[in-house]
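K.L.:
So that we are looking at the same thing, I have put the structure below in structure tokens.
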Amino acid sequence: MDLSEFEADNSRSCRLASVVPEVCRTEDCCLGIDEAGRGPVLGPMVYGICFCPVSMKQHLQDLKVADSKTLSEEERERLFVKLDEAKHFVGWALQVLSPNTISTSMLQRVKYNLNALSHDAAIGLVQHALDCGVQLKEVFVDTVGPAEKYQDKLSQRFPGVEVTVRPKADSLFPIVSAASICAKVARDHAVKDWKFVEDLGEAEMKYGSGYPNDPKTKAWLSQQLDPVFGYPQFVRFSWSTAKTLLDSKAVPVHWDDDDDDDEGGAKATAAKQNCSSVLSYYGRKKKNEEGAKRLPHRYFTERALETVRDL
């Protein structure tokens, strides 16, 4: 799978798509929606759609697609190749949501939670298929949140399309299984071949599965935490796992507008009293507590900034 468009700037989200089969422009089609990477603290979340003519559902079943979670990485790769080769009747599209997009969305002042982000990604992909001329008749979706509410939302957004939202739809409907495989293969590639914009030096790159309960992931997060700048963009810093480590190991920060928050006024005052001056950071010693030299963060090197002790 070619992810070069996303890899060119993995701080931003990206849409990738196959060519739309001509038969999908003339015959009624079914479309499945599923995601990969909703839970991990590392890497992107990928939403995928797959579509084919209703009259060719059996052809899709003959490819023996299945829920991607029940397949090995090799099996998923093999099945994706089959789907991609069936371009005369199968099409797909992906929305790759970068960790940076997820975190900044969830932490903005007007809250934009993961469910809303997921719904909008799915809606955007369905609209993409319609804009490309796919004659959608049926849409099958693996639910995010209450299935009935989600189904009503999609039915209102796409009148004339029969929408079915079910838990575990990826194991019930082959077209959703196909979408699941496309999304999972894309995420696997994105995580395995992640291009760090940060210079991590000789850092260990064995970060495990990316799930918060993975010991390798936890260890890697602890190693990569910068006390001032936090984490590389590979990390979803809005996740509680990352937040907990930042709260315990990073330099505390007081924001002036915290004083305007009536509910948190007392906490803000206490936080301000416990915070070191930012000037103390710039005047810090060149060696950390363990005696190892700390390399300057890329924020400084990119701007050719150095610590000056004497003027």
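K.L.:
Roll a 1.4 angstrom probe over the protein heavy atoms and tell me the percent of accessible area of segment 116-223 that is carbon or sulfur.
P.N.:
Roughly 50 percent, rounded to a whole number.
K.L.:
Now for a different question. Skipping prolines and chain starts, which residues have an amide H placed within reach, meaning under 5 Å, of the one on Met45, given they are 5 or more residues away or on another chain?
P.N.:
Distant-sequence amide H within range of Met45: Leu97.
K.L.:
Then there's this: Under 5 Å between amide H atoms, partner at least 5 residues away or on a different chain: which partners does Asp34 have, H built in plane at 1.01 Å?
P.N.:
Gly48
K.L.:
Test of the criteria: in segment 62-136, which trypsin sites (Lys or Arg not before Pro) are in a DSSP loop and have at most 16 other Cβ atoms within 10 angstrom of their Cβ?
P.N.:
Lys64, Lys87, Arg109, Lys111
K.L.:
What FRET efficiency do you get for Thr104 and Tyr299 if R0 is 30 Å and r is their Cβ-Cβ distance, rounded to the nearest 0.05?
P.N.:
For Thr104 and Tyr299, the calculated efficiency is 0.95.
K.L.:
With θ set to phi - 60°, apply the Karplus curve 6.51 cos²θ - 1.76 cosθ + 1.60 along segment 239-249 and write out the HN-Hα couplings as whole Hz, x wherever there is a Gly or Pro.
P.N.:
6, 4, 4, 5, 4, 4, 5, 5, 4, 8, 10
K.L.:
Then there is this: Please list 3J(HN,Hα) in residue order for segment 116-124, calculated via the Karplus relation 6.51 cos²θ - 1.76 cosθ + 1.60 where θ = phi - 60°; whole Hz, with x for glycine and proline.
P.N.:
Working through the residues one at a time gives 5, 4, 5, 4, 5, 5, 5, 4, x Hz.
K.L.:
Can you list the residues, at least 5 places off or on another chain, whose amide H is less than 5 Å from the amide H of Ser13, using H built in the peptide plane?
P.N.:
Result for Ser13 returns Ser98.
K.L.:
Of all accessible surface on segment 1-115 at a 1.4 Å probe, what whole percent is carbon and sulfur?
P.N.:
It is 49 percent, rounded to a whole number.
K.L.:
Can you pick out the pairs among Lys111/Lys149; Lys149/Lys218; Lys206/Lys249; Lys69/Lys249 whose Cα atoms lie more than 31 Å from each other?
P.N.:
In this structure, Lys149/Lys218; Lys69/Lys249 lie more than 31 Å apart at Cα.
K.L.:
For segment 1-121, what is the percent of antiparallel DSSP beta bridges, rounded to the nearest 5?
P.N.:
Of the beta bridges lying entirely in segment 1-121, close to 100 percent run antiparallel.
K.L.:
Further, regarding this structure: For a quick check of your reading of the filter: which GluC sites (Glu not before Pro) in segment 189-229 sit in a DSSP loop and have no more than 13 other Cβ atoms within 10 Å?
P.N.:
Glu202, Glu204
K.L.:
What is the distance in Å between the Cα centres of segment 133-152 and segment 73-103?
P.N.:
So the separation of the two Cα centres works out to 19 Å.
K.L.:
Whole-Hz Karplus ³J(HN,Hα) for segment 172-181, in order, using 6.51 cos²θ - 1.76 cosθ + 1.60 and θ = phi - 60°, x for Gly and Pro?
P.N.:
For segment 172-181, the Karplus curve yields 9, 10, x, 5, 6, 4, 5, 5, 4, 5 Hz.
The values are calculated or read from the model by the stated rules, or taken from the named source; none is laboratory data. Owing to the predicted nature of the structure, the values given are computational and were not obtained by experimental measurement. Note: ideal-geometry Cβ built from the backbone for every residue, glycine included; neighbour counts use all protein chains shown. Accessible surface areas use protein heavy atoms only, side chains included; no ligands, DNA or RNA. Shrake-Rupley method; radii C 1.70, N 1.55, O 1.52, S 1.80 Å.
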